[in-house]
Structures are given as C-alpha cells and as structure tokens.
Amino acid sequence: MCGRFTLTVDERDIRNEFELNSPIPEFEQRYNIAPGQKVLAVINDGEKNRAGYMYWGLVPSWAKDPKIGYKMINARSETAHKKPSFKNLMAKKRCLIIADSFYEWKRKDKIKQPYRIKPTDRKLFTFAGLWDQWKTQEEERFTCTILTREANAFMESIHDRMPVILPKNSQSEWIAPSTLKPEDAHDFINKLTMEELEANEVSTYVNSAKNEGPECIRTLS
C-alpha cells in the first residue's frame, strides 16, 4: 500500500517538470502527506497539463457519504479495471500524483521502523492515480486514489505492496485525454518498467500524521 508520502521540492521544479504555465495555487512543501489531506495532482485537458489539489481518498461520484474516501486511498492495479469504483476511472480519469518520496513501515522487534523510499536517479516522480468528482447541492470536491502493485524484489523485505511509480517517459501517456478500455489501462500498468529505488531509515517522528517538517525525513545514522 501507500499511506504517507512527501513533496519537498521547489514549486519551480514542479512547473518545469510538467510544463505548467502558471503558478500552483496554495502550493506548499510537505514532509508528511497523509490520507484525507490534499495532494498535488496533474491532469491533461487535451491542450495542456493542469495541476491542482485533490483530496487523497477516492469518493466515487455516485457515493452517498464522502467518508468512504478513507477506505479508498489505494486501488489495487491488478483488479482496478474490474471494480465498479475504479473501472470507469481507469478508462478516462487518470492522473499523476506528484511526490519526491514515500514512507513505508517494517516491523523490527517490537516497533515499526519507518523508511523513506525514493528513486535513486530522480528527485521528483509521480504515482499513477485515478480521480473523480463528487458533488451535492452543498458541496463539490475532487478526490483521488493511488494505484498499487505487488512489491518488487527491493521492496518486498519492507512491505508486500508498493505504489505504482510511473517512469518519466510514461507520465504523459498515462494522463493523455484519450478514453481507454479499462483493460488497456490495466495492461499499460503491467508493462511499466520498475526503476531502482533506495530506502533509508528515518525517525519515528513521522509516525504521527500530525507531525510535519524536515524532522520527518531525517535519516538515522
């Protein structure tokens, strides 16, 4: 799964990476992004990339209660193309969720040791995401979920699942505005290459979603 991540780079780096023509409203660097909070996502409107904030935890457009989002922070890539909550989104509502690392916890003796994990050759990357719009007469919100897959050889010693990280050359294709068959989006994920990752133990300060700041990513000696 993926339950916590970071975005600590400068806004200028993000705008350059995704060819964004205007400033990102409300942008802030984050060291401990948690479910239910806003995450920075990118879609393509057919002419250009657009970046904005969505709530992390998918609320399908047909949902009666937005609290369902807390149960839908992740979607299994192996089955998303078959699930009622996700299959239409796989076809036409795909997004990039921007990060520069994510956290995972490994049980060591009586504690769960947090690790900060990121690609070795990139300081900025994206998770494959799905999004939807939930709307009532009183409220409108955009929400998203992160696709996950079985852990690769590097990650399996830490956890049996991991987020789907898109190679840089696959990002534009994932958010291309063309409608796909859900099965085609599933096949696209299956064919992605996995890049090399690195993991470092960090302070248990990050364990609380209330904690924020550089202390969260401090590498233990």
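The values are calculated or read from the model by the stated rules, or taken from the named source; none is laboratory data. Since the model is a prediction, treat every value here as computed from it, not as a measurement. Methodologically, a virtual Cβ is constructed for each residue, glycine included, from the backbone with ideal geometry; neighbour enumeration extends over all protein chains shown. Side chains included, ligands, DNA and RNA excluded: accessible areas come from the protein's heavy atoms. Shrake-Rupley method; radii C 1.70, N 1.55, O 1.52, S 1.80 Å.
Taking K118 as the residue in question, decide whether it is under 19 Å from M1 (Cα atoms), touching a residue at least 24 places away in the same chain (Cβ under 8 Å), of a type in the set (D, E, K, R) and crowded, with 20+ Cβ neighbours inside 10 Å. Taking the combined requirement at face value, the residue satisfies it. Scanning region 9-39 for residues that are under 21 Å from A128 (Cβ atoms), open to solvent by less than 50 Å² (accessible area, probe 1.4 Å) and either outside any loop (DSSP other than H, G, I, E, B) or not aliphatic (A, V, I, L, M) (or both) yields D13, I14, F18, R30, I33, P35, G36, V39.
Within region 101-113, residues that are farther than 19 Å from R161 by Cβ have Cβ atoms under 8 Å from residues that are open to solvent by 20 Å² or more (accessible area, probe 1.4 Å) and outside any strand (DSSP E or B) in these pairs: I111/T204, counting only partners at least 6 apart in sequence or on another chain. Just one of the listed residues (G52, G46, G57) is of a type outside the set (A, V, I, L, M), open to solvent by less than 20 Å² (accessible area, probe 1.4 Å) and touching a residue at least 24 places away in the same chain (Cβ under 8 Å), and it is G57. Listed by position, the strands (runs of 3 or more DSSP E) enclosed by region 43-156 that each have at least 1 residues that are among the hydrophobic types (A, V, I, L, M, F, W, C) and farther than 21 Å from H186 by Cβ are 49-56, 94-99, 101-108, 111-119, 125-135, 140-150.
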